[in-house]
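**Q** Mind looking over this structure? Questions follow.
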Amino acid sequence: MLCGRVPMMDLKRGYDVERDGSRIQHDLWPLDEIDPKNVKFPCCLVWTPLPVVSWLAPFIGHVGICREAGAILDFSGSYFVNVEDFAFGAVARYVQLNREKCCFPPNLAGHTCKRGYQHTEYGTALTWDDALQSSVRYFEHKSYNLFTCNSYSFVANCLNRLCYDGSMNWNMITVAAMLMLKGQWVNTMSIVRSFLPFTVVLCLGLVLVGWPFVVGLFSFSLLILMWFLLGTYCVKTLLES
């Protein structure tokens, strides 16, 4: 949260809450600037490469979602969600989300999305941080598994609670696609850190083994991709989201 007072003219109009017959105006407070040096990414999705796994498949990494004040939340182990301690290294890539694309309904009649009943049943919140906290409580009872319940599952759960962009179909694939298509690199070193290990492994494999290594490596990546596609769109109870 921002310290000090902010002029009312700087506030963005958010949503209304009705309580005891009176109408209370809630506003979306202005966010601080993104500050990679101090690890502050307000309302962002963030990504970093995973040791070993990203060396073999660079499109796979570890993700988190950030509070309005910029603190990172990431599901990094069974029954545990990190706060302000991104589990596998510094943020390499991020995409900032627009809170005005979220649905913060005070009641069933207050939905701005078209999925009122489904959204209420899934779990709604009055603010961005409330939605994230609900997902934290939910994943504090979940076992971590790289292939079925991981950091992408946690982020997808948060976006579904927010009904971000009017959708409640967020999953591992759509979260990964958003980061790949819309994500910004923090700096040049982030790009190097993300792809250099893969390039080294690929070159070593070519020198020591030859083209069969390359075929095996890309087959490995394809199998992983097919697993997540199958679990997301064909066997929908297989993966957590």
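**Q** Taking only region 106-119 into account, find how many residues are part of a helix (DSSP H, G or I) and surrounded by 15 or more Cβ atoms within 10 Å (Cβ to Cβ).
**A** 3
**Q** I've got another one for you. Just one of Val235, Val214 is over 21 Å from the mean Cα position of the chain (by Cα), of a type outside the set (Ser, Thr, Tyr) and farther than 29 Å from Phe139 by Cα; which is it?
**A** Exactly one of Val235, Val214 is over 21 Å from the mean Cα position of the chain (by Cα), of a type outside the set (Ser, Thr, Tyr) and farther than 29 Å from Phe139 by Cα, namely Val214.
**Q** Out of the residues in region 73-98 that are in contact with an Asp or Glu (Cβ under 8 Å, 6 or more places away or on another chain) and among the hydrophobic types (A, V, I, L, M, F, W, C), which is farthest from Trp128 (Cα to Cα)?
**A** Here the answer is Ala87.
**Q** Also: Considering region 152-182 alone, what residues qualify as being within 18 Å of Phe86 (Cβ to Cβ) and surrounded by fewer than 17 Cβ atoms within 10 Å (Cβ to Cβ)?
**A** none
**Q** Considering only region 28-82, state which residues are farther than 21 Å from Ile173 by Cα and in contact with a His (Cβ under 8 Å, 6 or more places away or on another chain).
**A** The answer is Tyr79, and nothing else.
**Q** Related question: Considering only region 222-241, how many residues are at pLDDT 90 or above, loosely packed, with under 15 Cβ neighbours inside 10 Å and in contact with a helix residue (DSSP H, G or I) (Cβ under 7 Å, 6 or more places away or on another chain)?
**A** 1
**Q** Can we say Cys203 is out of contact with any Cys (no Cβ under 8 Å at 6 or more places or on another chain), over 28 Å from Ile34 (Cα atoms) and assigned to a helix (DSSP H, G or I)?
**A** Here the answer is yes, as Cys203 does meet what is asked.
**Q** Go through (1) in contact with a Leu (Cβ under 7 Å, 6 or more places away or on another chain); (2) of a type in the set (Phe, Trp, Tyr); (3) assigned to a loop (DSSP other than H, G, I, E, B) one by one and return the number of the condition Phe147 breaks.
**A** Condition not satisfied by Phe147: (1).
**Q** Moving on to the next point. Sort out for me the strands (runs of 3 or more DSSP E) sitting completely within region 1-105 that have 2 or more residues that are surrounded by 18 or more Cβ atoms within 10 Å (Cβ to Cβ) and either at pLDDT 95 or above or of a type in the set (A, V, I, L, M) (or both).
**A** Qualifying strands (runs of 3 or more DSSP E): 44-49, 61-66, 72-77, 93-96.
**Q** Something else about it: Please work out if Val186 is of a type in the set (Val, Ile, Thr), closer than 25 Å to Val81 by Cα and open to solvent by less than 20 Å² (accessible area, probe 1.4 Å).
**A** Taking the combined requirement at face value, the residue does not satisfy it.
**Q** Another one. Just checking, does region 183-198 include any residue being under 13 Å from the mean Cα position of the chain (by Cα) and either closer than 24 Å to Trp227 by Cβ or part of a helix (DSSP H, G or I) (or both)?
**A** Within region 183-198 (the criterion being under 13 Å from the mean Cα position of the chain (by Cα) and either closer than 24 Å to Trp227 by Cβ or part of a helix (DSSP H, G or I) (or both)), the answer is yes, since at least one residue qualifies.
The values are calculated or read from the model by the stated rules, or taken from the named source; none is laboratory data. Every value quoted in this text rests on a predicted model; they were computed, and no experiment measured them. Cβ sites come from the backbone with ideal geometry, for glycine too, and all protein chains shown count toward neighbours. In case anyone asks, the SASA skips ligands and DNA or RNA and just uses the protein heavy atoms, side chains included. Shrake-Rupley method; radii C 1.70, N 1.55, O 1.52, S 1.80 Å.
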